Each structure stands twice: as structure tokens, then as C-alpha cells.
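The values are calculated or read from the model by the stated rules, or taken from the named source; none is laboratory data. None of these values were measured; they are calculated from a predicted model. With ideal geometry, Cβ positions are generated from the backbone for all residues, glycine too; neighbour counts draw on all protein chains shown. Heads up: the accessible areas ignore ligands, DNA and RNA and are worked out on the full protein's heavy atoms, side chains in. Shrake-Rupley method; radii C 1.70, N 1.55, O 1.52, S 1.80 Å.
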Amino acid sequence: MASDLRFDGRVVIVTGAGGGLGKSHALAFAKRGASVVVNDLGGSHTGEGASTRAADVVVEEIRAAGGKAVANYDSVLDGDKIVETAMKAFGRVDIVINNAGILKDVSFARMTDQQWDLIFKVHVEGAYKVTRAAWPIMRKQKYGRIINTTSAAGLYGNFGQANYSAAKLAVVGFTQTLALEGKKDNIHTNVIAPIAASRMTETIMPPDMLASLKPEMVTPLVEYLCHEGTTENGSIFEVGAGFVGKLRWERTGGHGFPINKELLPEDVREKWSKIIDFTDGRTTHPASTSQSMESVMANFENVQEEK
Ligand code: NAD
């Protein structure tokens, strides 16, 4: 049988680890030998208030089981302080799990600037600040594993979550560029779209559904992606209730209009069924900006002879 995936000697920062998914991640890494910084601001799920209790409870649980953990109560917006906690307590940072998050759900017609800004601050700027502080340490070590947390709402949109879905898709772009920039220094970054029972979902899902959506069914993917033996980088995963799957872009074969002719909206209308046809066997899965450009560049040759 293959050996267990262990994290002995590794230092993990889990943001928003006082409850829900973050707590599950923190407990799991500690159980497998990692030293864990349990970060949590301890506010409500809509971002009000603060308390040290959320992080403390998780640290106590880890220590009671013989694991190594310290608490940090800063907001992810003070990412440098969270990284400082890790450096002071354990002297390195190997893994960052950007998990902290809040919701400010409201229909777009009623959304205020404050509701928009706060969601971006916590999800996008928060992930940026923590990662930015850990990045030079990881580069120096020539080792790092980063997990960002998106959402189905970001990937597909969701009613009442224009702020959250925009921020969560920003996190995907952030992941894909970090994956490119970190690769040469053995820093791998991936993003998960989890679905799990937590205080965030308990008000919107029925109890029997929540019972099947344990955070512990999300965490093993995070552990696997963060292991030193895993090379996966820049990927998006959907995960929950025991399902784990990778997501990618798919583009139709499309239609190339002559480059030397005026392109009219009527021309687009004429070819519309071809432009949106995913069934003609010509679809592609561009995985980089250069692959994305290939079809555009190929059309440079599409010159129509004058009749
Ligand atoms: P949760 O509310 O249980 O956990 C989020 C934690 O983040 C809380 O403990 C909270 O105190 C902490 N937090 C909030 N703002 C913070 C800040 N500024 N600094 C530090 N900590 C802060 O919710 P959860 O469901 O476990 O969510 C975890 C992550 O997963 C979030 O990013 C969420 O958007 C994402 N997510 C969850 C689901 C789901 O089904 N539960 C689905 C999609 C995405």
C-alpha cells in the first residue's frame, strides 16, 4: 500500500480556520504532522464583530490531540501579521490556505458600495495580502503550496451575489497567474470551489442536505494538492459530499470571418449557430493565453480573394 501523505516539518497557515471548512483543514493538517497557524477574526458570517474565541477553540483541540498550533486573530487584510505569527512561532511558511470569507447577499438593484467593497476586501484583497507576505519566504525556500477558495457562485453566477461572485472569480484569475509565476520556484497554486455545511450555508440549505455536506469531505483534496509530491498547479476543482472533479474552459470551434472584409453584425447573425455550437467536434480547451490566441492568430491567414 502507498505511504500516508504526511506534513511533518511543514508550516501551514489556514485563514478563517475558526469554523467550517477552515477548521476542518486546520485539524487535518495538524493530525498529519504540520504546525498550523489558526487564523480567525472571529466575527459573524456577514463580517460584523471580532473575537479570539473561534481561533482559540481550534488551537486547543489541536493541542489536546498532541498537535502543534498557534492562534492568530488578525483580519486577512493584515496578511503580513498572520505570516509574522507563523515565522515567530515556527520559522517558515510552506502552505497557505486562503479560506476566510464572508457574505453580503443582496440583489444587485439594492447593493450598496459598502456591500460591494467589503466582499472584495475580504476575499480578494485578503487572499492577496496573506499570499503577498508569504511569497518571498516561499520563493527563498523554493517551496510553497497555496490553495485559494472560490465558489460555484463565482464560476456560474448566483442570484443575490453579484459582489461575491465577482470577487470569487477574481480569486480564480489570481490563482492562475500565481501558478505561472510560482512554478519555477516550486510554488504551486490551485483553487477549490467547495460545497459544505457551515454557518455560511446552514440558512440556505435544508438540514438533510447539510448532513451530507461535511467539510471533512472537502479537506482531503486540499491536503493532497498541498503535499510536496503533488505537481498539480493552476487548476480549478469542484469538491463536496465526496465528489472531486477538475474544471476547465471549453470553446466552440467558432467561425473565422475574412480578415480583409468589413465585419457586420449581420455576418455574426448568419454564423451564430456555428459560433455557439459545442457539438460539431471542433471544440478546444485553451489552458493559457497563448493557446487562447491560437485561433485568433490562425485567422490572420483568412484572407478572401477579390472576385
Ligand atoms: P464560515 O463562515 O464557517 O468560515 C469562514 C471563516 O472566515 C469564519 O470563521 C470567519 O470568522 C472567518 N473570517 C471572515 N472574515 C475574516 C477576516 N477578515 N479575517 C480572518 N478571518 C475571517 O464559512 P465556510 O463555509 O467554512 O467558508 C469558507 C470559505 O469557503 C469561504 O471563502 C467561502 O466563501 C468558501 N465557500 C464555502 C462554500 C460552502 O458551501 N460552505 C461554498 C463556496 C465557497
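The residues of the range 161-190 that are surrounded by fewer than 17 Cβ atoms within 10 Å (Cβ to Cβ) and among the small types (Gly, Ala, Ser) amount to a single one, Gly173. Considered as a group, the residues in the range 198-218 that are open to solvent by less than 30 Å² (accessible area, probe 1.4 Å) and modelled with pLDDT of 95 or more include one that is farthest from Ser24 (Cα to Cα), and that residue is Leu213.
Between Ala152, Ala127, which is open to solvent by 40 Å² or more (accessible area, probe 1.4 Å) and under 13 Å from the mean Cα position of the chain (by Cα)?
Ala152
Only helices (runs of 4 or more DSSP H) whose full extent lies in the range 259-307 are considered here, and the ones with at least 1 residues that are modelled with pLDDT under 95 are 289-298.
Kindly establish whether Ser51 is touching a Pro at 6+ places or on another chain (Cβ under 6 Å) and near the ligand (Cβ under 10 Å from one of its atoms). Answer is no for this residue.
Scanning the range 235-245 for residues that are in a loop (DSSP other than H, G, I, E, B) and open to solvent by less than 20 Å² (accessible area, probe 1.4 Å) yields one hit, Ser235. Looking at Gly242, Gly229, Gly254, Gly281, just one residue is touching a residue at least 40 places away in the same chain (Cβ under 8 Å) and on the phi > 0 side of the Ramachandran plot, and that residue is Gly254. Report, by residue number, each residue of the range 25-43 that is open to solvent by less than 50 Å² (accessible area, probe 1.4 Å) and near the ligand (Cβ under 8 Å from one of its atoms). Within the range 25-43, Asn39, Asp40, Gly42, Gly43 meet the criteria.
Just the residues that are within 15 Å of the ligand (Cβ to nearest atom) and more than 24 Å from the chain's Cα centre (by Cα), please, taken from the range 60-76. Glu61 - this is the single residue of the range 60-76 that is within 15 Å of the ligand (Cβ to nearest atom) and more than 24 Å from the chain's Cα centre (by Cα).
One residue alone among Val93, Val12 is buried (at least 18 other Cβ atoms within 10 Å of the Cβ), part of a loop (DSSP other than H, G, I, E, B), away from the ligand (no atom under 14 Å from the Cβ) and touching a residue at least 60 places away in the same chain (Cβ under 8 Å), and that residue is Val93. Would you mind finding the one in Pro206, Pro215, Pro194, Pro220 that is over 30 Å from Leu5 (Cβ atoms) and either more than 10 Å from the ligand (Cβ to nearest atom) or touching a Pro at 6+ places or on another chain (Cβ under 9 Å) (or both)? From the options Pro206, Pro215, Pro194, Pro220, the qualifying one is Pro206. Can you confirm whether Gly253 is within 11 Å of the ligand (Cβ to nearest atom), surrounded by 15 or more Cβ atoms within 10 Å (Cβ to Cβ) and farther than 22 Å from Val124 by Cβ? Here the answer is no, as Gly253 does not meet what is asked. Scan the range 44-57 for residues that are within 16 Å of Ile82 (Cα to Cα) and either crowded, with 17+ Cβ neighbours inside 10 Å or acidic (Asp, Glu) (or both) and report the count. Total satisfying the criteria: 3.
Scanning the range 54-71 for residues that are touching a Lys or Arg at 6+ places or on another chain (Cβ under 7 Å) and within 21 Å of Ile102 (Cα to Cα) returns a single hit, Val58. Checked against the criteria, Val222 counts as open to solvent by less than 90 Å² (accessible area, probe 1.4 Å) and part of a helix (DSSP H, G or I). Take the conditions (1) touching a Lys or Arg at 6+ places or on another chain (Cβ under 6 Å); (2) exposed (fewer than 14 other Cβ atoms within 10 Å of the Cβ); (3) small (Gly, Ala, Ser); Ala298 misses just one of them, which is (1). Annotation note: Cβ proximity below 7 Å between a residue of the range 68-86 that is closer than 10 Å to Val130 by Cα and a residue that is open to solvent by 10 Å² or more (accessible area, probe 1.4 Å) and of a type in the set (Gly, Ala, Ser) (sequence gap 6+ or interchain) occurs for Val76/Ala100; Gly79/Ala133; Asp80/Ala133; Val83/Ala133.
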